[in-house]
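Worksheet: the structure to be examined is printed underneath.
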Amino acid sequence: MSSQLAARSIDHVVLERGEIANTWRTERWESLTLLTPNWQSRLPGFGYEGGDPHGFRTMPETIAFLERYAKTVLPPLRTHCAVTSVRRSAVGYEVVTAQATWHCKAVVLATGAFNIAQVPALAQSVPPRIAQLTSAEYRNPGCLEQGGVMVVGAAASGAQIADEIHRSGRPVTLAVGEHVRAPRTYRGRDIQWWMDATGLNDERYDQVENLRRARSLSSFQIAGYPDRRDIDLNALTSLGVKLVGRLAGIQDGKAQLSGSLRNLCELADLKQNRLLNTFDEWAAKNGVNGAVDPPHRPEATRVEASPPLGLDFGRAGIRTVLWATGFRPDYSWLDVAVLDPKGNIRHDGGVVTEAPGLYVMGLPFLRRRKSSLIDGAGDDARDLSAHLAAHLGARSDGVGAAVADA
Ligand SMILES: Cc1cc2nc3c(=O)[nH]c(=O)nc-3n(C[C@H](O)[C@H](O)[C@H](O)COP(=O)(O)OP(=O)(O)OC[C@H]3O[C@@H](n4cnc5c(N)ncnc54)[C@H](O)[C@@H]3O)c2cc1C
């Protein structure tokens, strides 16, 4: 956004509470690699130029990539400058930080979608002798006690962490809710190659059938490992991970598990096959069949006939519960009445129509399916900066826009 505002000669400042790439430095586990291939980490005018376009960046490589981009764009950046309040003012908005207060006509909230771990209320009933942590707090298996671990949530984070912890010798029980299954590689090409080539990643928010649902879907159950292996539920059970249903309640030290595991897995298989059908149809229509391997379908998810409906934490030897149950944004510092009852910002493709001059970026399916990916920032910033420029009008009087982070 800063590079787009600069290109439009709009005076602005970028306020960041930590350092450049702060979330990648402070909120991710050590072994995490991006699940988007190197070629796909594209920022405007800044693509991948290394020798491994199909590889996956480690966290230090991701931080270095964003630092290099910042050196190219040279945003007017204030680091260690947490925004503590944004409220309406006579000019437009007053943005308060510990360092200074800014007055501006427009504010872009680029503070991320994954600020607060969403831990269900039933966490309070986990027996006190069992340690609890979230995927944002997890760093490596060595920081966990010896003994069994229940990982709750089987999207990308939960599946990757379950894989890593189980391999460390701590037996993992994975509580599985609704999840989005996808193969890392299909017909010899990366899943993200298919998502990009078919235009699915570019699908717009005003074209999708059920936007609310599209915005709430969890991430693909994939990882960016050098061996490109799958981490779907079949891969995890082959390792020895025990699958149980969604954690529905906890009473007297016992987990109550939903009986929906088989149904949820069948649904995830069905949806995966629908996605692969879409790829096949696109390949046939666009003359790509000769350039890729023949179509195939992954084995259906293997689930035991009667998964348990209850589990005694003590008897099962579980010493840690790890919550990989998703995140929500933190707008505790936003003093403008634009949040819905769930705390999400009401917006139309990033334009907060109830508060002219207020914009938001980086949320799931904000304007496109790829909006919450690094790759989505460029197109969204281009669209939103055009709207912002129109809002400011032709005048540029030194109080253009403040960008809370970037
Ligand atoms: C576990 C995990 C894995 C992911 N893997 C991938 C991947 O492989 N590929 C991919 O493209 N995307 C991935 N993502 C999504 C990724 O987070 C986004 O692509 C990208 O980080 C979005 O950038 P952003 O700048 O919008 O948000 P963020 O990276 O979240 O940055 C928000 C910034 O705002 C700052 N901030 C927050 N509040 C304030 C405040 N009050 N005042 C000042 N500053 C503030 C934060 O310090 C932070 O630096 C992953 C996300 C998670 C959680």
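Take the range 93-128 and flag every residue that is over 22 Å from Glu19 (Cβ atoms), in contact (Cβ under 8 Å) with a residue 40 or more places away in the chain and not aliphatic (A, V, I, L, M).
Within the range 93-128, Tyr93, His103, Cys104, Lys105, Gln118, Pro120, Ser125, Pro127 qualify.
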Exercise. What number of residues within the range 29-48 are within 7 Å of the ligand (Cβ to nearest atom) and at pLDDT below 95?
Worked result: 1
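Matching residues to (1) within 30 Å of Leu373 (Cα to Cα); (2) among the charged types (D, E, K, R); (3) open to solvent by 20 Å² or more (accessible area, probe 1.4 Å):
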{"residue": "Ala117", "(1), (2), (3)": "yes, no, yes"}
{"residue": "Arg129", "(1), (2), (3)": "no, yes, yes"}
{"residue": "Gly148", "(1), (2), (3)": "no, no, no"}
{"residue": "Ala159", "(1), (2), (3)": "yes, no, no"}
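Of Ser89, Ser2, which residue is under 24 Å from Val338 (Cα atoms) and more than 14 Å from the ligand (Cβ to nearest atom)?
Ser89
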Problem set entry | Matching entry among Arg17, Arg87 (being open to solvent by 40 Å² or more (accessible area, probe 1.4 Å), farther than 27 Å from Arg139 by Cα and either part of a strand (DSSP E or B) or in contact (Cβ under 8 Å) with a residue 60 or more places away in the chain (or both)) | Arg87
For this session: For the range 212-222, indicate whether the set of residues that are buried (at least 23 other Cβ atoms within 10 Å of the Cβ), in contact (Cβ under 8 Å) with a residue 24 or more places away in the chain and in a loop (DSSP other than H, G, I, E, B) is non-empty.
Result: yes
Exercise. In the range 301-328, how many are in contact with a Leu (Cβ under 7 Å, 6 or more places away or on another chain), outside any strand (DSSP E or B) and open to solvent by less than 40 Å² (accessible area, probe 1.4 Å)?
Worked result: 4
Exercise. Which one of these is at pLDDT 95 or above, open to solvent by less than 30 Å² (accessible area, probe 1.4 Å), closer than 25 Å to Leu257 by Cβ and aliphatic (A, V, I, L, M): Val172, Val180?
Worked result: Val172
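The values are calculated or read from the model by the stated rules, or taken from the named source; none is laboratory data. Given the structure is predicted, the values throughout are model-derived calculations rather than measurements. Note that each Cβ is placed from the backbone with ideal geometry, even for glycine, and that neighbours are counted across all protein chains shown. Remember, those area values only see protein heavy atoms, side chains included, never the ligands or the DNA or RNA. Shrake-Rupley method; radii C 1.70, N 1.55, O 1.52, S 1.80 Å.
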